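Each remark here refers to the structure printed beneath this line.
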Amino acid sequence: MPLVTTTRTGLVDQVIAQMRELVASGEWPLGQRIPPEAELVNALGVGRNTVREAVRALAHAGLLEVRQGDGTFVRATSELSGAVSRLCDTELRQVLEVRRALEVESARLAANARTEADVADLEIALRERDTALAERDSERVVHTDSRFHLRLVEASHNPVLIQLYQGISEAVLSSVATTFDPEVPPERDVSHTELLEAVRDGHPERAAAEAGGFLDELLAEFTSGEEHDTA
């Protein structure tokens with residue numbers, strides 16, 4: 001999505017809106033450095049102060065991160081995601097607890113609301129996840145596992161729940177990356193087959209139990225690790 005020259009009313013707000021859309025759409029990917037100030041000034045047809053104010057506002061909202069001497073980078077894809085990142089920071093337990101709350105209810109709702117298209121998409125997502133796990137490809141595991149869970153939440157067809165989950169997407173990715181160990185034998189990987197079957201067969205309570213079960217295991221492992229570290 002190309003930048004367009006703004007009008008002279010509400011310049012900062014217009015620039016903020018354009019930058020926010022570039023981040024949300026993925027045109028400026030997570031973790032990537034955005035164009036330098038001079039390039040933004042030329043593309044937008046505004047002054048340096050306007051660009052600086054917009055960047056400052058988006059940095060305050062958590063979408064951008066200004067690194068002195070290195071540039072400005074995309075930190076989150078939405079204000080909600082940025083807020084979650086600031087709240088959770090590196091606290092894995094908090095992320096897992098929030099994931100559990102959202103994913104359990106999503107699974108319960110999805111078992112009643114899923115469509116045939118949802119089930120087909122989930123089957124594809126699960127196959128891709130399982131293939132990545134079998135190959136011990138950490139990067140692919142992170143993205144395919146996160147994609148499966150997002151698709152499951154989307155199958156709930158609850159727009160508020162979906163937006164909330166999308167808001168913690170970066171935290172979810174980080175939690176998967178932290179908890180996956182490629183050195184662990186594949187037979188010890190968590191299977192999501194029964195979760196998908198419960199959703200497909202329309203069993204909300206079983207789906208909720210399956211969704212909560214593996215996260216409870218992760219939380220238990222995390223608690224055990226904390227206790228070991230402090231022993």
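What distance in nm lies between label points placed 7 Å from Cα along the C-beta direction at residue 187 and residue 134?
Taking the two extended label points, one gets 1.7 nm.
Farthest toward the dipole's positive end in the chain, which of 149, 104, 73, given Cβ charges of +1 (Lys, Arg) and -1 (Asp, Glu) about the Cα centre?
Farthest along the dipole direction, towards plus: 73.
Quick check: the angle from helix 204-230's long axis to the longest principal axis of the chain, C-alpha only, nearest 10 degrees?
Taking Cα atoms only, the helix is inclined about 80 degrees.
For the chain, what value does the Rg/Rh ratio take when both radii are computed over Cα atoms and Rh is the Kirkwood radius, given to two decimals? Mind showing how you got there, number by number?
On the way: Rg = 20.3 Å, Rh = 19.5 Å.
A ratio of 1.05.
On the protein heavy atoms, probe 1.4 angstrom, tell me the percent of accessible surface of the chain carried by carbon and sulfur.
Roughly 51 percent of what the probe reaches on the chain is carbon or sulfur.
Helix 169-179 versus the longest principal axis of the chain: what is the Cα-based angle in degrees, 0 to 90, to the nearest 10?
Approximately 50 degrees, to the nearest ten.
Would you compute the Debye intensity of the range 7-76 from its alpha-carbon atoms alone, equal scatterers and no solvent, and pass along log10 I(q)/I(0) at q = 0.13, 0.27, 0.28 Å⁻¹ to two decimals?
Taking Cα atoms of the range 7-76 as identical point scatterers yields -0.31, -1.40, -1.49.
Quick check: the angle from helix 79-88's long axis to the longest principal axis of the chain, C-alpha only, nearest 10 degrees?
Result, in degrees: 60.
For the chain, set up a GNM with springs between Cα atoms under 10 Å and report which of 212, 82, 31 has the largest fluctuation.
31
The values are calculated or read from the model by the stated rules, or taken from the named source; none is laboratory data. No experiment lies behind these values; they were computed from the predicted model shown. A quick note on method: Cβ atoms are made from the backbone with ideal geometry, for glycine too, and the neighbour counts reach across all protein chains shown. To get the accessible areas, we keep the full protein, side chains included, count just its heavy atoms, and leave off ligands, DNA and RNA. Shrake-Rupley method; radii C 1.70, N 1.55, O 1.52, S 1.80 Å.
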